[in-house]
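The values are calculated or read from the model by the stated rules, or taken from the named source; none is laboratory data. Everything numeric in this text was worked out from a predicted model, so none of it was measured. Cβ placement follows ideal geometry from the backbone for every residue including glycine, while neighbour counts extend to all protein chains displayed. What goes into the accessible areas is simple: the full protein's heavy atoms, side chains included, and nothing from ligands, DNA or RNA. Shrake-Rupley method; radii C 1.70, N 1.55, O 1.52, S 1.80 Å.
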Amino acid sequence: MISAERSQSQSPRSPAAAGAPFLTISVTDPVKMGTGVQSYISYRVITKTNLPEFEGQEKIVIRRYSDFEWLHDRLAEKYKGIFIPPLPEKNAVEKFRFSKEFIEMRCQALDLFVNRIASHPELKQTEDFRIFLQADEEKMDRARSYETGIFKKPSDFLQMFKDVQSKVSDVVLGKEKPVEESTPEYEKLKNYIFELENHLAEAQKQAFRLVKRHRELGQSLADFGKAIKLLGACEGDSLEKVFSEVGSKSEMLSVKLQREADNLLFHFEEPLKDYVRSVQSIKATMVDRANAFRQHFDLDQERKYKELNLEKLKFMNPEKFSETEVEFRELKADSEEATKRFEHIVAVMEEELARFQEQKTADIGLAFHEFAKGQAKLAKDIADAWRSVLPKLEACSTS
């Protein structure tokens with residue numbers, strides 16, 4: 001079975017000191033449920049904790065991908081500004097969806113997802129997270145079917161489409177120019193995030209090629225080993241023994257290359273891929289920030305316009321002044337609230353970026369350390385294997 005162990009920096013599991021608060025979670029035992037198009041993978045989620053807000057010290061629940069998706073979407077809806085840990089992508093291709101490798105990689109990614117939430121100072125305290133970790137399947141189903149307020153009915157999708165279509169038309173016709181936050185600091189951040197995504201994606205692409213190359217070379221060595229053994233059997237005498245040993249070394253190195261390919265996949269390519277997803281999560285938060293800024297800007301502009309209009313009414317139409325003044329106070333309150341929401345997202349993002357940079361440095365550093373260590377060991381094994389047969393080959397060539 002391919003190992004799916006994770007580093008402590010990626011998935012905090014260290015037992016806490018005696019009496020100290022701790023929360024450890026593991027996602028294990030993926031099992032295929034159902035048949036045909038209705039089939040899916042279930043996972044065992046094991047929670048161990050001494051935190052008083054949890055029900056008991058150990059809880060085991062069964063979850064499927066859509067449950068993880070529910071948790072992600074709930075947190076993204078409620079906690080603007082926080083970088084919600086990313087989920088692994090769906091795979092709609094039937095022949096890959098239930099492959100051993102895909103299932104194990106998804107299990108690893110889901111484990112990382114919940115442990116990142118568990119290590120976040122705010123997200124780990126949420127009611128939604130506790131429901132996910134503790135609720136039985138019936139309660140979990142009720143929570144998932146509960147209307148979150150994002151899309152309550154199909155007509156919401158139609159209205160959303162109409163609103164977007166209207167906005168696009170206004171921009172195209174010149175009726176409205178999109179308002180965007182533009183400060184030197186934020187522009188620098190946006191450029192960094194887009195460059196980071198591109199560089200991480202390219203590094204992950206090349207890591208995938210390394211995995212593929214190791215597997216292809218491993219298969220080639222296995223095929224070569226069989227062929228050279230057959231060749232030796234034809235020759236007989238001393239050549240048969242030497243060629244048999246060369247063939248055995250080839251087959252042994254083939255196994256080592258396949259193992260290193262698996263190691264590269266889980267401990268090098270997958271961490272890089274996970275950080276590509278993490279950057280996309282940051283970009284989603286930047287969209288929330290942009291929406292909050294536009295609402296803050298629009299309401300502030302409307303407030304200024306209403307304030308000027310109110311001053312005019314005070315002298316020109318005293319009767320309408322009182323009614324308009326009430327509307328203005330409501331608008332002013334909405335404007336102040338929108339400003340607070342925007343400023344809150346900005347402040348939270350600053351904290352999140354600091355956490356992200358620290359975690360990224362640790363995780364990517366560990367991934368490259370594992371890569372270099374694996375490559376060094378593989379190179380030594382290859383050199384040792386071929387060096388061990390050199391004297392016998394030299395003896396054959398001089399006889």
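Those residues that are farther than 30 Å from F243 by Cβ and open to solvent by 70 Å² or more (accessible area, probe 1.4 Å), I need them from the stretch 191-225; list them, please.
If the condition is that a residue be farther than 30 Å from F243 by Cβ and open to solvent by 70 Å² or more (accessible area, probe 1.4 Å), then N191, Y192, F194, E195, N198, H199, E202, K205, F208, R209 are the ones that fit.
Within the stretch 259-281, identify whether any single residue is closer than 30 Å to L230 by Cβ and open to solvent by 30 Å² or more (accessible area, probe 1.4 Å), and answer yes or no.
yes
Just checking, which of L366, L353, L390 is in contact (Cβ under 8 Å) with a residue 40 or more places away in the chain and either touching a Cys at 6+ places or on another chain (Cβ under 7 Å) or closer than 28 Å to L257 by Cα (or both)?
Criteria check complete, one pass: L366.
Does E245 satisfy the condition of being assigned to a helix (DSSP H, G or I), out of contact with any Asp or Glu (no Cβ under 9 Å at 6 or more places or on another chain) and open to solvent by 20 Å² or more (accessible area, probe 1.4 Å)?
Against the criterion (assigned to a helix (DSSP H, G or I), out of contact with any Asp or Glu (no Cβ under 9 Å at 6 or more places or on another chain) and open to solvent by 20 Å² or more (accessible area, probe 1.4 Å)), E245 qualifies.
Just one of S182, S169 is over 24 Å from R74 (Cβ atoms), surrounded by 11 or more Cβ atoms within 10 Å (Cβ to Cβ) and modelled with pLDDT of 50 or more; which is it?
Matching residue, one of S182, S169: S169.
Every residue, every condition in (1) over 16 Å from the mean Cα position of the chain (by Cα); (2) over 17 Å from K32 (Cβ atoms); (3) surrounded by 14 or more Cβ atoms within 10 Å (Cβ to Cβ), yes or no:
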position: E55; (1), (2), (3): yes, yes, no
position: D67; (1), (2), (3): no, no, yes
position: D73; (1), (2), (3): no, yes, yes
position: I82; (1), (2), (3): no, yes, yes
position: E89; (1), (2), (3): no, yes, no
position: D111; (1), (2), (3): no, yes, yes
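For A347, all conditions in the list (1) open to solvent by less than 60 Å² (accessible area, probe 1.4 Å); (2) touching a helix residue (DSSP H, G or I) at 6+ places or on another chain (Cβ under 6 Å); (3) at pLDDT 95 or above hold save one; what is the number of the exception?
Unmet condition: (2).
If you check A362 against the conditions, is it closer than 27 Å to R215 by Cα and among the aliphatic types (A, V, I, L, M)?
no
Do we find that L123 is more than 28 Å from G34 (Cβ to Cβ) and buried (at least 16 other Cβ atoms within 10 Å of the Cβ) in this structure?
yes
This table checks each residue for (1) under 27 Å from Q359 (Cβ atoms); (2) at pLDDT 95 or above.
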{"position": "S39", "(1), (2)": "no, no"}
{"position": "I46", "(1), (2)": "yes, yes"}
{"position": "R64", "(1), (2)": "no, no"}
{"position": "H72", "(1), (2)": "yes, yes"}
{"position": "P88", "(1), (2)": "yes, no"}
{"position": "N91", "(1), (2)": "yes, no"}
{"position": "S99", "(1), (2)": "no, no"}
{"position": "E104", "(1), (2)": "yes, no"}
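Would you mention how many residues in the stretch 50-94 are of a type in the set (S, T, N, Q) and touching a Pro at 6+ places or on another chain (Cβ under 8 Å)?
Number satisfying all stated conditions: 1.
Which is of a type in the set (K, R), part of a loop (DSSP other than H, G, I, E, B) and in contact with a Lys or Arg (Cβ under 9 Å, 6 or more places away or on another chain), of K48, K59, K90?
From the options K48, K59, K90, the qualifying one is K90.
Kindly establish whether K377 is modelled with pLDDT of 95 or more, assigned to a helix (DSSP H, G or I) and surrounded by 13 or more Cβ atoms within 10 Å (Cβ to Cβ).
Yes, satisfied.
Could you check the stretch 125-157 and list, in sequence order, the residues that are among the aromatic types (F, W, Y) and at pLDDT 70 or above?
F129, F132, Y146
Go over the candidates A333, A395, A354, A362 one by one and state the one that is exposed (fewer than 11 other Cβ atoms within 10 Å of the Cβ), of a type outside the set (S, T, N, Q) and in a helix (DSSP H, G or I).
Checking each option against the conditions leaves just A354.
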